[in-house]
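Below is one structure, written out as structure tokens, with a few remarks after it.
The values are calculated or read from the model by the stated rules, or taken from the named source; none is laboratory data. If you're wondering where the values come from, they're calculated on a predicted model, not measured in any experiment. We place every Cβ from the backbone using ideal geometry, glycine too, and count neighbours over all the protein chains shown.
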Amino acid sequence: MDFPSQVSSSPAASELRSSPQFDCREHLDPRRMTVIMWDQAFLVRHIPGESFADYDRVLNEAKERGYNTLRLDPLPNLIELDKPDKVFSWLDPQRPFFPWGNRQACQGPAGAWLIEFINLVLKKNLYYTLSSWWFDETNWCGKAGISPVCNRIPKDHRQAAEIWIPFLHQWKERFGFNNLLLVDIHNEVPFFMSGYKHMLKKAFDLDWDLGRPFNAEQIDFLAQDLNGAMSMLQREFPELRFTASIHGDERWLSVPLQFDCLDVHFYLDADPRWFNRTRFNEFIADGIYVKDQWFQEFSRRCAQTRDSVMPMLFQRQQQRLAHFAVWSERFGMPLTTSESWSTWYYYDHPHLDWQWLLQWAEMTVEGAIRHRMWGWTPHNYAQPQFKNWQDVRWHQKLTSRFLNS
């Protein structure tokens, strides 16, 4: 799989200062979003003995921990809400160290499960967002041939919008749009849509992972492709908010996007000082999800990196956040993050120490408040299969601070 790799980049040389007199969050409901990413796991782990087997229980736990917003992948290119009883099958991915999605075979009426889940979300008055990773039979969480055949595989964002439009019409008929806060049409552009990164390189000489500044032609294409999709969706559903989530890659600041809000993901592998010390990029290139031999050394290096340069790394990440916060205010796109902050890959394992990761998460709350974020999450592991989920007070301490800011 072509893993999402953050790059160290610099913002465009435009004015980044802002001092708005208007705070749009005060006119939004909710005023603050405490977000947890449940991706596809809430569907493909809804089998006996798995973490999402009991929807009522996990939703009550989310509320108990202070989370008011769930980020969900409803599989819009697979599930048809008017055919809820259709049975789908996912094979055993044979990835013993995969933290999200499914870690074993799963079979069932995913559409019916989705309907059951959303009805409970609305009954409990939780908010939610929709997002798509655009996984398909050639790439289910990075592996081919283990998932159902999709109805259509989009190649650009206009095609993605063409898939979202009929799906959202079915959604409106089935659930209405109450408590749906935003629709993210593509998780982490350009990484998860099959072939999109390759197309950028072939057609526009944009090798994303090199981190080079965008040229005028590349900026023009990205703006036209994404804004074209936004235009289609905004015209069709004026009552909804639309975005496409991105990394905290400051090259985006040069692209004139017409999003209704921003969902930006900030991770430490955007800083070479972190991945040099931890050797993260080297480790994940050799058997991520199937090998654990590297866990102990990686954990040790993470702790050493925390001890030596945590303040420096945190300051740089906060400055990156500040640039996106100003961008969001200048263009009226309230800023959220639904997965962020430390390492995008970790696992519950005797050789992986979570102390540094949780400490990093705790440090981010005040920055999110200071930079007037609309939505915040502590990390991308807030799912019931993780041990940290059981620490109710830890979650409550952070969510209550952000919600009451």
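Quick test for you: out of I165, I153, pick the one residue that is assigned to a loop (DSSP other than H, G, I, E, B), under 26 Å from S194 (Cα atoms) and at pLDDT 95 or above. Being assigned to a loop (DSSP other than H, G, I, E, B), under 26 Å from S194 (Cα atoms) and at pLDDT 95 or above holds for just one of I165, I153, which is I153.
When the stretch 19-42 is limited to residues that are surrounded by 12 or more Cβ atoms within 10 Å (Cβ to Cβ) and in a loop (DSSP other than H, G, I, E, B), the one that is modelled with the lowest pLDDT turns out to be D23. All but one of (1) more than 21 Å from the chain's Cα centre (by Cα); (2) in a loop (DSSP other than H, G, I, E, B) hold for A112; which doesn't? All conditions are met except number (2). Within the bounds of the stretch 129-145, is there any residue that is over 17 Å from L78 (Cβ atoms) and modelled with pLDDT of 95 or more? Yes: the stretch 129-145 contains one or more residues that are over 17 Å from L78 (Cβ atoms) and modelled with pLDDT of 95 or more. Scanning the stretch 207-225 for residues that are assigned to a helix (DSSP H, G or I), in contact with a helix residue (DSSP H, G or I) (Cβ under 7 Å, 6 or more places away or on another chain) and touching a residue at least 60 places away in the same chain (Cβ under 8 Å) yields a count of 2.
A quick yes/no check of all residues on (1) of a type outside the set (F, W, Y); (2) surrounded by fewer than 17 Cβ atoms within 10 Å (Cβ to Cβ); (3) part of a loop (DSSP other than H, G, I, E, B):
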| position | (1), (2), (3) |
| --- | --- |
| R273 | yes, yes, no |
| D286 | yes, yes, yes |
| S299 | yes, no, no |
| M312 | yes, yes, no |
| Q319 | yes, yes, no |
| S328 | yes, no, no |
| S338 | yes, no, yes |
| W356 | no, no, no |
| P378 | yes, no, yes |
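Filter the stretch 191-238 down to the residues that are charged (D, E, K, R) and touching a Lys or Arg at 6+ places or on another chain (Cβ under 8 Å), then identify the one that is nearest to E250 (Cα to Cα). That would be D207. When residues of the stretch 288-297 are filtered for being in a helix (DSSP H, G or I), surrounded by fewer than 18 Cβ atoms within 10 Å (Cβ to Cβ) and touching a residue at least 24 places away in the same chain (Cβ under 8 Å), how many remain? Number of matching residues: 1.
Figure legend. Inter-residue proximity from the stretch 24-53: first residues among the hydroxyl-bearing types (S, T, Y), second residues part of a loop (DSSP other than H, G, I, E, B), beta-carbon distance below 6 Å, spacing 6+ or different chains. Indicated pairs: T34/G66; T34/Y67; T34/N68; S51/R45; S51/P384; S51/Q385.
Residues in the stretch 43-65 that are farther than 19 Å from V87 by Cβ, basic (K, R) and surrounded by 17 or more Cβ atoms within 10 Å (Cβ to Cβ): R65 alone. For the stretch 78-94, the set of residues classified as part of a loop (DSSP other than H, G, I, E, B) and surrounded by fewer than 19 Cβ atoms within 10 Å (Cβ to Cβ) consists of E80, D82, K83, P84, D85, K86, V87, L91, D92, Q94, listed by residue number. Selection of the stretch 168-188 for residues being of a type in the set (A, V, I, L, M, F, W, C), surrounded by fewer than 24 Cβ atoms within 10 Å (Cβ to Cβ) and in a loop (DSSP other than H, G, I, E, B) yields only F177. Look at the stretch 92-117: where a residue is among the small types (G, A, S) and a partner is in a strand (DSSP E or B), sitting 6+ places away or on another chain with Cβ atoms under 8 Å, you get G101/D39; G101/W140; A105/S89; A105/W90; G108/F88; A110/F88. Consider the stretch 183-206 and keep the residues that are out of contact with any Phe, Trp or Tyr (no Cβ under 7 Å at 6 or more places or on another chain) and in contact (Cβ under 8 Å) with a residue 40 or more places away in the chain. The one that is nearest to A223 (Cα to Cα) is V189.
For the criterion of being within 30 Å of L43 (Cβ to Cβ) and touching a Cys at 6+ places or on another chain (Cβ under 9 Å), M333 passes. Taken over the stretch 326-341, residues that are of a type outside the set (D, E, K, R) and either in contact with a Ser or Thr (Cβ under 8 Å, 6 or more places away or on another chain) or more than 26 Å from V255 (Cα to Cα) (or both) amount to 8.
Just so you know, in the stretch 224-265 the residues that are under 19 Å from the mean Cα position of the chain (by Cα) and acidic (D, E) include one that is surrounded by the fewest Cβ atoms within 10 Å (Cβ to Cβ), and it is D260.
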